[in-house]
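Trainee: The structure follows.
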Amino acid sequence: MDREIALSLCREKTLKDTTVRHLISVEGVMRALARRFGEDEDLWALTGLFHDLDQDVTGEDGVGHAEVAAGWLREAGVDERVVNGVLAHAYEPYRTDLMSKAVVHADAVAGLLVAAALVRPERAVGMKVSSVKKKLKEKAFAPGVNRDEVYGVEEGIGLPLEEFLAVSIEGLQLVAREIGLTPEG
Ligand SMILES: [Fe+2]
């Protein structure tokens, strides 16, 4: 699926701009991870972009989360591997391959990186692994970020934490301008 079409589907199905920005941040991280693993960048990016597509309609209780999105994506003819990846970020049994495992870690780290970028004057530009690691240790910082899903990355997809953070920062930087995470805003 063409990115412009994918993005318009995101805008159509979400209610909040923050949701779209979150989707794009995970898209960037997934693209960089695919590059690192020599996997299909566009497929991984699309999984990141769509992973929380139904977030604004499935609400706080999470009932039907990812399943609603999966229905929409199948309707739109999206690749079944992407649909599986979207289901995987919410439900463990779908974590059957590298991409569907990676999206769990990408989702968590993107939340951390965006929060860390927002407290820097340079935003995502020049962001360092060492400072992100510090933020990761500060439990009061971005408390909604699932730390276990960040720390579990080596066990999950075989990438050491430091390298994962470095690749993820690069991924966020790929989309930083688009989501207002450059100094220009
Ligand atoms: Fe998410």
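The values are calculated or read from the model by the stated rules, or taken from the named source; none is laboratory data. Treat the numbers as computed from the prediction; the structure is a model and nothing was measured. So basically every Cβ, Gly included, is an ideal-geometry build from the backbone, and we count neighbours across all protein chains shown. With ligands, DNA and RNA removed, areas are computed over all heavy atoms of the protein, side chains included. Shrake-Rupley method; radii C 1.70, N 1.55, O 1.52, S 1.80 Å.
Trainee: Counting pairs of alpha carbon atoms under 8 Å apart in space and at least six apart in sequence, what relative contact order in percent does the range 49-185 give?
Mentor: Rounded, it is 21 percent for the range 49-185.
Trainee: Ok, one more. What stretch of the chain, leaving out the sites themselves, is the longest with no GluC sites (Glu not before Pro) in a DSSP loop having at most 12 other Cβ atoms within 10 Å? Please list the in-between numbers first.
Mentor: Details: sites that count: GLU60, GLU122, GLU138, GLU184.
Counting only loop sites that pass the neighbour cut-off, the longest clear stretch is 61-121.
Trainee: Show me, for the range 142-157, the HN-Hα J-couplings you get by feeding each phi into the Karplus relation (A = 6.51, B = -1.76, C = 1.60, θ = phi - 60°), rounded to Hz, glycine and proline as x.
Mentor: So the J values, rounded to whole Hz, are 6, x, x, 6, 6, 4, 4, 6, 7, 4, x, 5, 5, 5, x, 10.
Trainee: Quick check: the angle from helix 98-118's long axis to the longest principal axis of the chain, C-alpha only, nearest 10 degrees?
Mentor: 50
Trainee: Relative to the longest principal Cα axis of the chain, at what angle does helix 80-90 sit, 0 to 90 degrees, rounded to 10?
Mentor: Around 60 degrees separate the two axes.
Trainee: Roughly how many percent of the accessible protein surface of the chain is carbon and sulfur, given a 1.4 Å probe and a whole-percent answer?
Mentor: Its accessible area is 50 percent carbon and sulfur atoms.
Trainee: Here's another thing I want to ask about it. Using the Cα centre of the chain as the reference point, and only Cβ charges (+1 on K/R, -1 on D/E), how large is the resulting charge dipole? Debye, rounded to the nearest 20.
Mentor: It comes to approximately 820 debye.
Trainee: Here's a follow-up. Taking the Cα atoms only, what angle lies between the long axis of helix 41-50 and the longest principal axis of the chain, rounded to 10 degrees?
Mentor: 80
Trainee: Quick one: what are the phi-derived ³J(HN,Hα) couplings along the range 174-185, Karplus 6.51/-1.76/1.60 with θ = phi - 60°, whole Hz, x for glycine and proline?
Mentor: Going residue by residue, I get 4, 10, 4, 4, 5, 10, x, 9, 10, x, 6, x Hz, with x marking Gly and Pro.
Trainee: Just to compare against my own numbers: the Cα pair-distance distribution for the range 86-174, 5 Å bins, whole % per bin, please.
Mentor: 3, 15, 27, 25, 17, 9, 4, 1, 0
Trainee: What is the diffusion coefficient of the chain in µm²/s, taking the Kirkwood radius over Cα pairs and the Stokes-Einstein relation at 10 °C with a viscosity of 1.306 mPa s?
Mentor: 98
Trainee: Tell me, what is the per residue accessible area of the chain in Å², probe radius 1.4 Å?
Mentor: Numbers: 8800 Å² over 185 residues.
Counting only protein heavy atoms, the per-residue value for the chain is 48 Å².
Trainee: Additional query: Note down the nm distance, to one decimal, between modelled labels 7 Å out along Cα→Cβ at GLU162 and at ARG147.
Mentor: Going by the 7 Å Cα→Cβ label model, 2.1 nm.
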